[in-house]
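Input: a single structure, listed below in structure tokens.
The values are calculated or read from the model by the stated rules, or taken from the named source; none is laboratory data. The model shown is predicted, which means the values in this text are computed figures rather than measured ones. Cβ atoms come from the backbone with ideal geometry, glycine included; neighbour counts cover every protein chain shown. For the accessible areas, the whole protein counts, side chains as well, though only heavy atoms, and no ligand, DNA or RNA atoms are used. Shrake-Rupley method; radii C 1.70, N 1.55, O 1.52, S 1.80 Å.
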Amino acid sequence: MDIIQYLLSLIQYLYQQNCWLINFICRYIPLKQWAFDDSHSPKYQKLKIDALPLVTDFRQDWTYKELIPYYEKRYGKKIRPVSRRSVSDIPDDCSCPRCDAPQPFLYKNNGAKGQLLCKVCGARFSPRDSRFSSVKLRCPHCGNTLVPKKERKHFILHKCVNPRCPYYLSNLRKVDKNDLKADYGKNKYKLHYIYREL
């Protein structure tokens with residue numbers, strides 16, 4: 001019975017010592033010393049996880065059925081279908097990927113080269129590969145479109161190549177001056193924004 005009481009008193013004594021040490025550390029040792037300069041070094045940028053990119057979709061919220069009355073009310077001019085002089089070779093099932101306008105509102109923008117123009121929303125697109133059909137990834141720091149640089153087995157590496165990106169410029173200021181003078185010295189560091197699409 002005396003052993004249990006002795007152990008309980010010892011635990012209380014050690015608890016008081018821990019409280020005293022924590023109180024001493026919080027008062028007299030600044031926490032800024034714990035963040036070493038090496039942790040902010042650009043050499044460790046490869047281990048840093050970047051923020052998620054901005055995802056932009058170019059599809060409009062409005063369709064051509066809503067846009068035509070809006071333009072008529074706002075500008076006082078009705079948008080009519082294209083009056084063609086010859087038979088159109090645009091397929092009947094082709095529609096604008098931005099506002100879903102059907103074939104009567106589409107016409108060839110550059111002749112036989114394949115680009116179409118929507119008369120309602122003014123979007124230029126190609127029926128084979130439309131820029132509106134895919135979602136774009138953008139840099140969260142400058143808004144520039146990310147460029148797919150490398151394609152690996154499990155992911156695609158996207159990179160912001162904007163030389164005026166604030167993320168790139170702030171990382172460039174941290175680089176050692178001797179590495180900037182050397183050939184390909186900047187390649188030792190991860191300076192640009194990088195996103196891995198899994």
**Item:** Close pairs (6 angstrom Cβ cut-off, 6 or more residues apart or separate chains): assigned to a helix (DSSP H, G or I) and loosely packed, with under 14 Cβ neighbours inside 10 Å in the stretch 59-83, of a type outside the set (Asp, Glu) and modelled with pLDDT of 85 or more anywhere
**Value:** Glu72/Lys78
**Request:** Using the structure shown, decide if Lys186 is in contact with a Pro (Cβ under 8 Å, 6 or more places away or on another chain), more than 30 Å from Glu72 (Cα to Cα) and charged (D, E, K, R).
**Result:** no
**Request:** Go through the stretch 162-198 and give me each residue that's open to solvent by 70 Å² or more (accessible area, probe 1.4 Å) and part of a loop (DSSP other than H, G, I, E, B).
**Result:** Pro163, Arg164, Asp176, Asp183, Tyr184, Leu198
**Prompt:** Can you name every residue in the stretch 144-198 that is among the aliphatic types (A, V, I, L, M), without any contact (Cβ under 8 Å) to a residue 60 or more places away in the chain and in contact with an Asp or Glu (Cβ under 8 Å, 6 or more places away or on another chain)?
**Reply:** Ile156, Leu157
